[in-house]
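**Q** Before I ask anything, let me first share the structure, which is written out below as structure tokens.
The values are calculated or read from the model by the stated rules, or taken from the named source; none is laboratory data. Quick caveat, the model's predicted, so the values are computed rather than measured. Every residue, glycine as well, gets a Cβ built from its backbone with ideal geometry; the counts of neighbours run over all protein chains shown. All accessible areas refer to the heavy atoms of the entire protein, side chains included, with ligands and DNA or RNA removed. Shrake-Rupley method; radii C 1.70, N 1.55, O 1.52, S 1.80 Å.
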Amino acid sequence: MPFEPMPQDVLNGVSTDYYDAQPVGLMDRWQPMTDWADARLAAKLEPYCKVNVGRIGPRVLGRDRAGRGLSGINMASQDYLSLGSHPKLLAAAAAAARRFGVHSAGSPAQMGLTTLATSLEERIAEFLSLADATVFSTGWGAGYGAIRTLVREGDHVLIDVLANACLHEAASASGALVHRFSHCSTEAVAARLDWLRENEPFAGILVVTEGVFSMNSDMPDLAALQAICRRHDATLCVDVAHDLGVMGETGRGVIEMQGMTGQIDVVMGSFSKAFASNGGFVASNHPALKLALRYACSTHTLTNALSPVQAAVVLAALDIVESAEGAERRARLMDNSLRLRDGLTKGGFQVLGQPSAIVPVGLGRHSRARRLTADVLAHGALVNLVEHPVVARNGCRWQLQIMADHSADDIDAFVAIAEAARMQMEPYSLIEAAS
Ligand SMILES: Cc1ncc(COP(=O)(O)O)c(C=O)c1O
């Protein structure tokens, strides 16, 4: 399919260019962005808001936002261990629904907890070798809530520039002074902590990072960061959303890989990547954090608890993660990640970071990234395109997400589709680069 000429704005504009702050009507301000997104959709250059019409798996059926059919190899779902339709999880969900109904019907600080949710809290704490865990109804709420509970005006937050939005938004809203440090830079943290402690010996300081960064698939040196935090009376918080269950010999993630199990001050994570459910948690060894989160954390205290069905699903997923089957699924996942990274690199793509469940692929300019994405979607490969403002302008990438159940054929077929799209795109890239 030759690439058709397209209006420059749907090829090169980004959503933030189309927000109009002028109209007095607050909703009217979003009309230009809506019109622009619809124009992109009409030109088949908008890959967002895809809808599944069946179960998640290595191959899926779906629809785009206009209702047009999509189908093919699925690199766009977060179900790293392929547990979304595992018979044990389906059975656990059905049994929980029969016993508890499907609803938590209250906040955890009132009457929303079930014995499934409290068992899950105990299991997560045990799995992480930490004293306590608190379960949230979303991973986003866990990250946001942890930071908002820990710091306030007069405190300081040092946060990796590429940390998830839930962490950045919480830091900004907390009233603490926010210091954004260069991605994965232990040296930057050490230097800032030295300076801060000299000037503010009694301030509370929180350092925030992730196990695996989802846009780059890279990892900080957690042992070094924790040691620096201890030396400076600072608290380290690590978001393990993308590595817990998935990496490390026993599934305890990058913390395990770096020999730090049970030694990180605050560990927070999400169930939505490896544990086949909404939800998240915050865990630590400190005896005061658990009740602080129960009583004084808006994204926990003032919202309905995780449903009994979701708690049962995560407990069943944890059983698998801790079993030989879990180890086998992690091994298949990692084989798939390595195969995909290798195939795409040989196919001329820029593959970023280290092997994990995420394979980020640098695509560059918006126009190129959108055309490549449209082409692979049309040829039977489902991908997620990440654009500005999530990444730098013209620093687009695919955030490919691998599953244990992808076969070698799925991976090879995806690489072939991507490579064909890239070859087709090359003359346009040269013309655009020259103009
Ligand atoms: C690093 C990280 N933390 C937290 C979250 C939020 O988790 P959830 O989507 O389960 O609410 C995400 C979501 O993508 C994430 O990537």
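**Q** Answer yes if at least one residue in the stretch 172-179 is under 20 Å from the mean Cα position of the chain (by Cα), over 12 Å from Leu206 (Cα atoms) and open to solvent by less than 20 Å² (accessible area, probe 1.4 Å), and no otherwise.
**A** So far as the stretch 172-179 goes, no, none of its residues is under 20 Å from the mean Cα position of the chain (by Cα), over 12 Å from Leu206 (Cα atoms) and open to solvent by less than 20 Å² (accessible area, probe 1.4 Å).
**Q** Can we say Ser307 is small (Gly, Ala, Ser) and under 19 Å from Leu128 (Cβ atoms)?
**A** In short, no.
**Q** Among residues belonging to the stretch 265-278 that are more than 13 Å from the chain's Cα centre (by Cα) and open to solvent by 20 Å² or more (accessible area, probe 1.4 Å), point out the one that is nearest to the ligand (Cβ to nearest atom).
**A** In this case the residue turns out to be Ala276.
**Q** All but one of (1) open to solvent by 40 Å² or more (accessible area, probe 1.4 Å); (2) touching a residue at least 40 places away in the same chain (Cβ under 8 Å) hold for Leu81, so report the exception by its number.
**A** Of (1) open to solvent by 40 Å² or more (accessible area, probe 1.4 Å); (2) touching a residue at least 40 places away in the same chain (Cβ under 8 Å), only one is false for Leu81: (1).
**Q** Restricting to the stretch 124-162, name every residue that is surrounded by fewer than 18 Cβ atoms within 10 Å (Cβ to Cβ) and either in a helix (DSSP H, G or I) or aliphatic (A, V, I, L, M) (or both).
**A** Correct list: Glu126, Ala131, Val161.
**Q** Continuing with the same structure: Out of curiosity, is Phe281 within 13 Å of the ligand (Cβ to nearest atom), at pLDDT 95 or above and closer than 23 Å to Ala324 by Cβ?
**A** Taking the combined requirement at face value, the residue does not satisfy it.
**Q** Say whether the condition of being over 19 Å from Ala131 (Cα atoms) and hydrophobic (A, V, I, L, M, F, W, C) is met by at least one residue in the stretch 276-290.
**A** yes
**Q** Turning to a different aspect of this structure: Condition check: open to solvent by less than 30 Å² (accessible area, probe 1.4 Å), hydrophobic (A, V, I, L, M, F, W, C) and at pLDDT 95 or above. Does Val102 satisfy that?
**A** no
Each row is one residue, and each column tells you yes or no for (1) more than 18 Å from Lys273 (Cβ to Cβ); (2) among the β-branched types (Val, Ile, Thr); (3) in contact with a helix residue (DSSP H, G or I) (Cβ under 6 Å, 6 or more places away or on another chain); (4) buried (at least 22 other Cβ atoms within 10 Å of the Cβ).
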{"site": "Val359", "(1), (2), (3), (4)": "no, yes, yes, yes"}
{"site": "Leu372", "(1), (2), (3), (4)": "yes, no, yes, yes"}
{"site": "Ala378", "(1), (2), (3), (4)": "yes, no, no, no"}
{"site": "Asn384", "(1), (2), (3), (4)": "no, no, no, no"}
{"site": "Val390", "(1), (2), (3), (4)": "no, yes, no, no"}
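Residues checked against (1) under 22 Å from Ala76 (Cβ atoms); (2) in the same structural domain as Pro389 (by TED's automatic domain parsing); (3) in contact with a Cys (Cβ under 8 Å, 6 or more places away or on another chain); (4) not in a helix (DSSP H, G or I):
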| site | (1), (2), (3), (4) |
| --- | --- |
| Thr16 | no, yes, no, no |
| Asp20 | no, yes, no, yes |
| Val24 | no, yes, no, yes |
| Arg29 | no, yes, no, no |
| Asp38 | yes, yes, no, no |
| Leu41 | yes, yes, no, no |
| Lys44 | yes, yes, no, yes |
| Ile56 | yes, yes, no, yes |
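**Q** Quick one: in the stretch 1-33, of everything that is among the β-branched types (Val, Ile, Thr) and surrounded by 12 or more Cβ atoms within 10 Å (Cβ to Cβ), which residue is nearest to Val386 (Cα to Cα)?
**A** Only one residue fits best here, namely Val14.
**Q** Take Gln424 and tell me if it is open to solvent by 40 Å² or more (accessible area, probe 1.4 Å), polar (S, T, N, Q) and more than 22 Å from the chain's Cα centre (by Cα).
**A** yes
**Q** Out of all the residues in the stretch 89-105, which are on the phi < 0 side of the Ramachandran plot, of a type outside the set (Ser, Thr, Tyr) and not in a helix (DSSP H, G or I)?
**A** If the condition is that a residue be on the phi < 0 side of the Ramachandran plot, of a type outside the set (Ser, Thr, Tyr) and not in a helix (DSSP H, G or I), then Val102, His103 are the ones that fit.
**Q** Further, regarding this structure: Look at the stretch 44-63 and say how many of its residues are touching a helix residue (DSSP H, G or I) at 6+ places or on another chain (Cβ under 9 Å) and open to solvent by less than 20 Å² (accessible area, probe 1.4 Å).
**A** Residues meeting the conditions: 2.
**Q** Right, here's the next one. Specify which of the listed residues (Asn278, Asn304) is in the same structural domain as Leu120 (by TED's automatic domain parsing), assigned to a loop (DSSP other than H, G, I, E, B) and either of a type in the set (A, V, I, L, M, F, W, C) or under 20 Å from Arg123 (Cα atoms) (or both).
**A** Of Asn278, Asn304, the one residue that is in the same structural domain as Leu120 (by TED's automatic domain parsing), assigned to a loop (DSSP other than H, G, I, E, B) and either of a type in the set (A, V, I, L, M, F, W, C) or under 20 Å from Arg123 (Cα atoms) (or both) is Asn278.
**Q** Residue under question is Gly326, and the condition is that it be open to solvent by less than 30 Å² (accessible area, probe 1.4 Å), closer than 18 Å to Ser129 by Cβ and either assigned to a helix (DSSP H, G or I) or of a type in the set (Lys, Arg) (or both); does it hold?
**A** yes
**Q** All but one of (1) buried (at least 20 other Cβ atoms within 10 Å of the Cβ); (2) in the same structural domain as Asp17 (by TED's automatic domain parsing); (3) not acidic (Asp, Glu) hold for Ala316, so report the exception by its number.
**A** Only one criterion is unmet by Ala316, namely (2).
**Q** Still on this structure, I have one more. Identify all residues within the stretch 103-150 that are within 16 Å of the ligand (Cβ to nearest atom) and aromatic (Phe, Trp, Tyr); write none if there are none.
**A** Phe136, Trp140, Tyr144, listed by residue number.
**Q** Another one. Among the residues of the stretch 151-162, how many are within 16 Å of the ligand (Cβ to nearest atom) and out of contact with any helix residue (DSSP H, G or I) (no Cβ under 8 Å at 6 or more places or on another chain)?
**A** 3
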